[in-house]
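The values are calculated or read from the model by the stated rules, or taken from the named source; none is laboratory data. All values derive from a computational prediction rather than experimental measurement. Positions of Cβ are generated from backbone atoms using ideal geometry, with glycine treated the same way; all protein chains shown enter the neighbour counts. The area values use the complete protein model at the heavy-atom level, side chains included, leaving out ligands, DNA and RNA. Shrake-Rupley method; radii C 1.70, N 1.55, O 1.52, S 1.80 Å.
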Amino acid sequence: SARVTATVAKLHADQGDAVKRGQLLATLDDRELDAKRAAASNAQETIARNVAAAKAAVAKAEAELDLARTKFKRDQDLVRSAYISQSAMDTSAAALRSAEANLDSAKAALAARESEVRGVAHEARYADTVLSHTRITAPMDGIVVERLAEVGVTVVAGTPLFRLVDPATVWVT
């Protein structure tokens with residue numbers, strides 16, 4: 001039976017046909033679901049680029065923090081020797097705090113992007129799963145005793161498309 005609502009695009013078996021487990025019996029129209037899978041794939045590519053950009057932002061923020069720490073330490077020595085004013089030292093301290101905050105912000109942005117990677121991966125797996133439901137396969141070896149669908153008919157989830165019997169389990173009384 002159908003597991004999604006779609007139009008029957010192709011029938012690969014008919015009444016009286018012997019079928020093997022896993023054999024393709026019918027194909028449902030998958031254009032819309034395929035487009036959703038493509039969108040999920042594009043989203044994965046986009047988020048991968050966003051993660052790379054966030055990693056670069058973290059690296060830049062780390063470099064800026066290292067520079068601010070170096071300048072702050074140098075300014076501490078210079079203020080003790082009275083070569084720079086306290087105002088210049090305050091500016092250096094503020095720059096250090098700003099660099100620390102920028103690094104924290106960059107790390108938070110990277111964590112958010114990495115979280116999005118997991119969400120988009122789940123969406124892609126879901127799209128793959130739903131897309132796989134457009135291919136109706138035989139659940140067992142058997143004979144098609146009834147074909148209940150025609151090409152072009154729209155079916156909803158749960159609509160039976162074929163009835164199969166396993167001749168090895170048929171009892172006659």
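Worth pointing out:
- Put the Cα centre of region 74-137 next to the Cα centre of region 1-48 and the gap is 41 Å.
- Fully extending the segment from Thr137 to Thr5 would add 45.9 nm, taking 0.36 nm per residue of separation and subtracting the current Cα-Cα distance.
- Distance-filtered residues of region 1-19 - backbone nitrogen under 16 Å, label point 7 angstrom along Ala157 Cα→Cβ: 1-7
- Compared with the dominant principal axis of the Cα atoms in the chain, helix 86-132 is inclined by about 0°.
- Average accessible surface for the chain: 64 Å² per residue, computed with a 1.4 Å probe over protein heavy atoms with every protein chain in place.
- Surface composition of the chain: carbon plus sulfur atoms hold 53% of the accessible area, using a 1.4 angstrom probe and ignoring ligands, DNA and RNA.
- One decimal place: the segment Ala63-Ala94 gains 9.5 nm when fully extended, by the rule 0.36 nm per residue minus the C-alpha distance.
- Coil-residue GluC sites (Glu not before Pro) of region 99-173, DSSP, other Cβ within 10 Å capped at 14: Glu150
- Spin-label model, Ser115/Leu78: points 7 Å from Cα along the beta carbon direction are separated by 4.1 nm.
- The C-alpha radius of gyration of region 98-173, expressed as a fraction of 2.2 N^0.38 Å, stands at 2.20.
- Of the chymotrypsin sites (Phe, Trp or Tyr not before Pro) found in region 65-135, the ones in coil according to DSSP and having at most 16 other Cβ atoms within 10 Å of their Cβ are Tyr83.
- Pairwise Cα inverse-distance average, inverted: Kirkwood Rh of the chain (Å): 21.5
- Relative contact order of the chain: 48 percent, from C-alpha pairs under 8 Å at least 6 residues apart in sequence.
- In straight-distance terms, cross-link reach from Lys36 covers every one of the aspartates and glutamates whose alpha-carbon lies under 19 Å from its own, apart from those fewer than eight places away in the same chain; here that gives Glu45, Glu116, Glu123, Asp128.
- Stretching the chain fully between Gln15 and Ser85 yields a gain of 15.7 nm (0.36 nm per residue, less the alpha carbon separation).
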